[in-house]
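Report on the structure given below.
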Amino acid sequence: MDYKKEAKEIVEGIIIAVLLYLVISVTLSYALKVDNPVAVVISGSMEPVYYRGDIIVIKGTNPENIQIGDIIVYKRPYQDIPIVHRVINIIEENEKLYFVTKGDNNPSEDTYFENGTKYPGVPDHAVVGKSLFKIPKLGYVTIFFKRLIGVRI
């Protein structure tokens, strides 16, 4: 068995996979108008629509186009993990939009704090985009590797 040849093939395969991932990621980012066009669902808060391990594809959107019932993706300032929840109300205050959100499987609506201030909902600047569709269970690979390297999710 030629270990050198086998190692070379493995390295080439990894390089091709990484390049393919980068090309797809950049293409999706451009087409969907969002920096991170995919997210992995890591909780059961949106069951039965999304389950832990599902990958969702995100489309950037103007906050003014978000409606009650839409599933949005947003980020909290103190947490790097995107939140995927449904808009249950929209509040306009001082010419800013706030989206009251709730996981379909959660008992209560979300709270949003930024710099010690509680907002009436998710501020428009925190919205990443709207959920477009899901790829079931494929995200378990990401969850596995993050746990493997010690990331708590």
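A few points about this structure:
- Tally, over the stretch 50-80, of residues that are free of Cβ contacts under 8 Å to residues at least 60 places away in the same chain, assigned to a loop (DSSP other than H, G, I, E, B) and of a type outside the set (Lys, Arg): 8
- In the stretch 12-29, the residues that are surrounded by fewer than 15 Cβ atoms within 10 Å (Cβ to Cβ) and either hydrophobic (A, V, I, L, M, F, W, C) or assigned by TED's automatic domain parsing to the domain that holds LYS137 (or both): ILE14, ILE15, ILE16, ALA17, VAL18, LEU19, LEU20, LEU22, VAL23, ILE24, VAL26
- Considering only residues in the stretch 56-95 that are among the hydroxyl-bearing types (Ser, Thr, Tyr) and within 16 Å of SER131 (Cα to Cα), the one that is surrounded by the most Cβ atoms within 10 Å (Cβ to Cβ) turns out to be TYR74.
- Pairs, first not assigned by TED's automatic domain parsing to the domain that holds VAL73 and among the polar types (S, T, N, Q) in the stretch 95-122, second in a strand (DSSP E or B) and at pLDDT 95 or above, C-beta under 6 Å, six or more apart: none
- Residue count for the stretch 96-116 under the criterion of being of a type in the set (A, V, I, L, M, F, W, C) and either exposed (fewer than 14 other Cβ atoms within 10 Å of the Cβ) or in contact with a Lys or Arg (Cβ under 9 Å, 6 or more places away or on another chain) (or both): the result is 1.
- The strands (runs of 3 or more DSSP E) located wholly in the stretch 84-153 that include 1 or more residues which are under 19 Å from ILE56 (Cβ atoms) occupy 96-102, 127-135.
- Test for VAL84: is it closer than 20 Å to PRO136 by Cα and within 15 Å of the chain's Cα centre (by Cα): yes
The values are calculated or read from the model by the stated rules, or taken from the named source; none is laboratory data. Model, not experiment: these values are computed from the prediction. No Cβ is skipped: glycine too gets one built from the backbone with ideal geometry, and neighbour counts run over all protein chains shown.
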